Amino acid sequence: MRSRLVRAAIVVLVLSTIATVAAIAGEGPGLAPSAADAPGLDLKPEPKEKVKPAHFDGDLRRIPQGHVKQGEARPEPQVPYAAPGAADGDTALQTSVAAAAAPTPSTSFDGLDYKGSLAGFPPDTNGDVGPNHYIQTVNTSIGIYSKTGTQLWKNTFDALFSAGGTGTPCDNSNEGDPVVLYDPIGDRWIISDFAWADAAFSTGPFYQCFAVSQTADPVNGGWYFYAYKIQSGAVLGDYPKLGVWPDGIYMSTNNFASSGAGSFKNVEVFAFDRVAMEAGRAAGSVAFNVPSVVGGIQVFSLLPSNARTVTGLPPAGAPNYFASIYGSYNIRVWKFHVDWANPANSTFTGPTNPSVASFSVGPSTVPEKTGNPLDTLSYRLMMQNQYTNHGGRESLWLTHTVGSSGTNIARVRWYELPVTGGTVGAVRQQATLAPDSKHRFMPSLAVDKAGNMAVGYSVSDSTMSPALRYAGRLATDPLSTLGQSETSLIEGTGWQCCRFSDNTLNTRWGDYAAMTIDPDGCTFWFTSEYTNATPTTLKGDTGNNWQTRIGSFQLPGCSGSQPPAPPSPSAAPTIDGFTPTSGRAGQAVSINGTNLTGVTSVTFAGKPASFTSTSGTTVTAVVPRGAKSGPIGVTTPSGSATSATSFTVTK
């Protein structure tokens, strides 16, 4: 991403965290394993105004090629982290090399690059896969590919959004931190980044921009465009991370002041109305501002859970799970439940705190042959927070970069955390991949329909150019082991060079990567940054400076046959009327409409009511005590509806 002050601001955050982390290192593994660490915390939801979409209908190839900005980014500060796990070591180490190597890639091709995108450093590489396409994003540019690697379309975020015209900076001032998601529930594509007017960086406002495909075809099917003003003042919502869930698109941001010293403020979490957005309707959002410190521990970099049809959807009404590892040896998990019928009833609760094996914080940078050191972003969780529901066993799968004692080698740590029935349990399995003394960092993982897991990452040291590799485990492997040893996606032959215009060293690398699972349920797709360039200058035509790679593979034991197609997106409910039209508390009211299957809540003027869903066209609810006169609301997993007329509460 390309923000001016954020990276310097992280120094403030981390320095304030060091004392906390160091204390934890001397006193034990961290927080209590399961109890909420702030019982009195009472966070208030902040419903936002609904946003009406702009749209572009037809073939993206009709959009003129946008102007590509040649930019640079300030390097990430070299932060002198304390090492909370050094004293205890790493009890989750896997140093042995599995006898079976992960299969070689079935597909491998170059994605977007610096020369063609020119958006600066790092690329913030991200990607996802649908039934027929792979979409990759880097800072301010988008590429759509066939699954064999043919580039079908490439352009800038500005060009895409200006084709619809939201009347906001999303049309002409996209600034990066992109995320692309394929939504298998609605069979739609979602592409997002942030935007602001350059002249207004120190004052705001700041926008989160969403492009939502009108059909499953991202090239020819048309797009809706939503511009959400997520901050009206001088607060930058940095490092946005998104996840798909049945009742919404969930997002987290790390909020920094965009003026003055650019200090860290807090984490903010959001839910966006997925069903409304994919239907092209005005769509609302709900936000919670999370305190910067909860239970005496810094709150930073939460990841929302991300669901896939092929690995099992959550039960109806399940909350989205936000996870973080920061400041303690715990996975801290919050639950976000959104109520679209009455957004003011939405809740964000937690955290619960299952313990993890201790670890050392990894090095802030690692060496490469010939070129500059490379950022690792240790030890925040890296996207995605993958949710699975295999046969009723619900889990979150997470990964991040940790370190080692002594010479401090960057290593990849991963976890499986049970959340069956909404209960956050103890960590089921965890391991730190440490087959040799090379640095492994910037990981991302995914799980297939058989329960196999694959994790991809960067590899580097002073004797080699940065490479992209992956390893995996089969569902039948012993717990806490990667039984499929490391295989290469691509070995780089170049390096990253030079200094920025302010004379600071360019260490920016990755910021994130993406491992995702194909809708066939078995094929993993991985994308990240690498380089074959041997540049001598930061900009210009002397070198490509960074490249990206996209590849796919399958692990043994997963049937490659196409699973049943995801169900067609259910239509949102409607309310046609209700009888009687008035009554006192305790009165049974018959609500008539359409698509009333799977009702999750009924409200009278915003007050929750008990109800019985008798059919897809009728719901019977009881007027609750304390209800006031007003409209009736009904919510299902597919959306919400509000009656056009009011129910009158009598005494």
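Of the residues in the stretch 620-641, how many are farther than 18 Å from S582 by Cβ and modelled with pLDDT of 90 or more?
Final tally of qualifying residues: 0.
Select, from T487, T463, the only residue that is of a type in the set (V, I, T) and either out of contact with any strand residue (DSSP E or B) (no Cβ under 7 Å at 6 or more places or on another chain) or closer than 22 Å to P363 by Cβ (or both).
Being of a type in the set (V, I, T) and either out of contact with any strand residue (DSSP E or B) (no Cβ under 7 Å at 6 or more places or on another chain) or closer than 22 Å to P363 by Cβ (or both) holds for just one of T487, T463, which is T463.
Restricting the search to the stretch 486-523, which residues are assigned to a strand (DSSP E or B) and closer than 21 Å to S465 by Cβ?
E486, T487, S488, L489, I490, E491, R499, L505
Within the stretch 274-289, does at least one residue satisfy the condition of being over 25 Å from F225 (Cβ atoms) and either of a type outside the set (A, V, I, L, M, F, W, C) or not assigned by TED's automatic domain parsing to the domain that holds R188 (or both)?
Taking every residue of the stretch 274-289 in turn, at least one turns out to be over 25 Å from F225 (Cβ atoms) and either of a type outside the set (A, V, I, L, M, F, W, C) or not assigned by TED's automatic domain parsing to the domain that holds R188 (or both).
Please tell me if L377 is in a loop (DSSP other than H, G, I, E, B) and of a type in the set (A, V, I, L, M).
When the stated conditions are applied, L377 passes them.
Quick one: which of E529, E486 is surrounded by fewer than 23 Cβ atoms within 10 Å (Cβ to Cβ) and assigned by TED's automatic domain parsing to the domain that holds L112?
After applying the criteria, what remains is E486.
Answer with yes or no whether A341 is surrounded by fewer than 23 Cβ atoms within 10 Å (Cβ to Cβ), not hydroxyl-bearing (S, T, Y) and not in a strand (DSSP E or B).
Taking the combined requirement at face value, the residue does not satisfy it.
Only one of V427, V447 is in contact (Cβ under 8 Å) with a residue 60 or more places away in the chain and closer than 15 Å to A92 by Cβ; which?
Unique residue meeting the criteria: V427.
Applying the selection to the stretch 352-371, what residues are farther than 14 Å from L417 by Cα and modelled with pLDDT of 95 or more?
T365, V366, P367, E368, K369
So I249 passes all but one of these: (1) modelled with pLDDT under 95; (2) of a type in the set (V, I, T); (3) closer than 26 Å to N132 by Cα. Which condition number does it fail?
Failed condition: (1).
Restricting the search to the stretch 203-214, which residues are more than 12 Å from M277 (Cα to Cα) and surrounded by fewer than 23 Cβ atoms within 10 Å (Cβ to Cβ)?
T203, G204, P205
Can you name the residue in the stretch 400-427 that is surrounded by 15 or more Cβ atoms within 10 Å (Cβ to Cβ) and hydroxyl-bearing (S, T, Y) and is also modelled with the lowest pLDDT among such residues?
My answer is S405.
Would you pick out the residues in the stretch 273-297 that are over 21 Å from N595 (Cα atoms) and either surrounded by 24 or more Cβ atoms within 10 Å (Cβ to Cβ) or not polar (S, T, N, Q) (or both)?
S285, V286, A287, F288, V290, P291, V293, V294, G295, G296, I297
Consider A323 carefully, then state whether it is part of a loop (DSSP other than H, G, I, E, B) and within 20 Å of the chain's Cα centre (by Cα).
Judged against the criteria, A323 is not a match.
Out of R428, R440, I need the residue that is in contact with an Asp or Glu (Cβ under 7 Å, 6 or more places away or on another chain) and of a type in the set (K, R). Which one?
Exactly one residue qualifies, and that residue is R428.
In the set T376, T388, which member is closer than 30 Å to N545 by Cβ and crowded, with 24+ Cβ neighbours inside 10 Å?
Of T376, T388, the one residue that is closer than 30 Å to N545 by Cβ and crowded, with 24+ Cβ neighbours inside 10 Å is T376.
Condition check ((1) hydroxyl-bearing (S, T, Y); (2) within 19 Å of the chain's Cα centre (by Cα)) across all residues:
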residue	(1), (2)
G362	no, no
E368	no, no
D375	no, no
Y387	yes, yes
W397	no, yes
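Is it the case that some residue within the stretch 356-365 is in contact with a Phe, Trp or Tyr (Cβ under 7 Å, 6 or more places away or on another chain) and not in a loop (DSSP other than H, G, I, E, B)?
no
Mind counting the residues in the stretch 594-651 that are part of a loop (DSSP other than H, G, I, E, B), within 23 Å of P314 (Cα to Cα) and out of contact with any strand residue (DSSP E or B) (no Cβ under 8 Å at 6 or more places or on another chain)?
3
The values are calculated or read from the model by the stated rules, or taken from the named source; none is laboratory data. The structure presented is a predicted model; accordingly, all values stated were derived computationally and were not measured. Heads up, the Cβs are rebuilt from the backbone with ideal geometry, glycines too, and the neighbour counts pull from every protein chain shown.
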